[in-house]
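First up is the structure itself, then whatever we jot down about it.
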Amino acid sequence: DPAISLQSNPRALRRYCDQMGLKISQIDGSFPLMGPDGSAFGVQYVQQSLRFAAEVGCPMVDTVDGAFEIEGFSRDEVFRITCDNYRQCLSWAEDYKVIINVEPHGPYTTDGDFMERLFRYFESEYLRFNLDTGNTFISGLDPLEYLKRFRKYLSHAHIKDVSPALAAAKRGEETGIATSEVPVGGGVNAENIKKCIQYMKETGWDGVVSIECYGSDENTRRSVEFMRSIV
């Protein structure tokens with residue numbers, strides 16, 4: 001289980017990973033940062049995630065929005081609050097030299113105009129983009145086109161496929177899925193994943209792509225084999 005409490009000992013975790021020859025590419029600090037709940041709970045959660053990441057030698061922390069639009073707030077109001085929240089986190093990111101990534105997962109982060117406005121507002125080397133092929137697809141977007149739009153900011157990627165049944169039931173209605181029941185390459189998003197990887201290669205991107213699927217031995221094996229064939 002890759003989940004670990006922020007109250008745990010990060011130096012003990014770092015020693016363990018060093019002993020196992022493992023490197024942590026990113027920590028999921030994804031309590032939603034958008035809106036009032038982001039101000040009350042998300043900021044401090046991400047700040048502590050940044051501190052933890054620095055202690056374990058991890059270069060990035062991932063952030064998201066919530067699953068639903070925030071009732072009673074216009075998009076401009078949510079944007080203003082979001083900027084206030086990220087500003088408080090970015091001062092920590094700069095001090096700890098840990099990048100904050102924004103992942104498309106909800107109604108604001110799958111809105112390309114909202115995301116572009118956020119990145120342009122800060123234009124910070126510590127605020128970057130985490131592509132998620134599964135979330136962009138399930139939200140009704142074209143993963144490759146979303147990648148192209150934010151290639152300038154890309155620093156990490158979640159590679160996730162989508163089963164035919166889930167796509168038929170939820171595409172265009174949901175904005176994110178935590179993981180996939182099918183291995184990478186075994187669903188309806190496989191061709192999009194190939195195109196995204198090819199585009200990364202063509203544009204000289206060098207970074208970590210993280211497989212996201214249910215972690216059975218067979219799913220993991222098939223996902224790794226597929227990714228090795230296209231990377």
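Bear in mind that the values in this text are calculations on the coordinates, not laboratory data. As the structure is a computational prediction, the values presented were derived from the model and not from experiment. Here the Cβ is made from the backbone with ideal geometry for all residues, glycine too, and neighbour counts use every protein chain on show.
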* Asked: Check ASN101: other-chain or 5+ apart residues with amide H under 5 Å from its amide H, H built from backbone geometry?
  -> VAL61, ASP62, THR63, ARG128
* Once the Cβ-Cβ distance between ASP18 and ARG75 is put in as r, and R0 is 45 Å, what FRET efficiency do you end up with, to the nearest 0.05? -> 0.50
* Asked: How much of the calculated P(r) for the range 127-231 lies past 20 Å, in percent of all Cα pairs?
  -> 32 percent
* **Mean residue ellipticity (222 nm) of the chain, computed from DSSP H runs ≥ 4 via -39,500 (n - 2.57), nearest 500** => -14000 deg cm²/dmol
* Scan around ASN189 for amide H atoms under 5 Å from its own, H built in the peptide plane at 1.01 Å from N, and keep only partners 5 or more places away or cross-chain. => VAL162
* **Derived scalar couplings ³J(HN,Hα) [the range 180-187; Karplus, 6.51 cos²θ - 1.76 cosθ + 1.60; whole Hz; x for Gly, Pro]** => 10, 7, 10, x, 4, x, x, x
* Structure fact -> Phi angles of the range 201-207, converted by Karplus (6.51 cos²θ - 1.76 cosθ + 1.60, θ = phi - 60°) into ³J(HN,Hα) in whole Hz with x for Gly and Pro, give 5, 4, 9, x, 6, 10, x
* How much length is gained on full extension from ARG228 to ARG120, taking 0.36 nm per residue of separation minus their Cα-Cα distance? -> 35.5 nm
* Asked: What length, rounded to one decimal in nm, is gained on full extension from SER25 through to LYS170, with 0.36 nm per residue of separation minus their alpha-carbon distance?
  -> 49.2 nm
* Asked: Looking only at GLY38, GLY207, GLY106, which one moves most when the chain is put into a Gaussian network model with springs between Cα atoms under 10 Å?
  -> GLY207
* Asked: Relative contact order of the range 19-230: what whole-number percent is it, with Cα pairs under 8 angstrom and at least 6 residues apart?
  -> 16 percent
* Asked: Who wins for biggest fluctuation among ARG120, ARG128, ARG151 in a Gaussian network model of the chain, springs between alpha carbons below 10 Å?
  -> ARG120
* Asked: Label points 7 Å out from Cα along the Cβ direction at GLU202 and GLN44: separation in nm?
  -> 4.8 nm
* Structure fact -> Partner lysines whose C-alpha sits under 18 Å from that of LYS152, ignoring same-chain residues fewer than 8 away, are LYS195, LYS201
* Karplus-derived HN-Hα couplings along the range 159-175 (A = 6.51, B = -1.76, C = 1.60, θ = phi - 60°), whole Hz, x at Gly and Pro -> 9, 9, 8, 9, 6, x, 5, 5, 4, 5, 7, 10, 4, x, 10, 9, 10
* Let a ≥ b ≥ c be the square roots of the eigenvalues of the Cα gyration tensor of the range 173-231; is it rounded (a/c under 1.5), or, if not, prolate (a/b larger than b/c) or oblate? -> oblate
* Dimensionless Rg over Rh [the range 19-230; C-alpha; Kirkwood] -> 0.96
* Report the residues of the range 146-180 in range of a label on ASP37: point 7 Å along Cα→C-beta, backbone N strictly under 19 Å from it. => 174-179
* Asked: Suppose R0 equals 22 Å; then what is the FRET efficiency for LEU6 and CYS83 from their Cβ-Cβ distance, rounded to the nearest 0.05?
  -> 0.35
* Non-local amide H neighbours of SER139 (under 5 Å, H modeled in plane, Pro and chain starts lacking H): which ones? -> GLY172
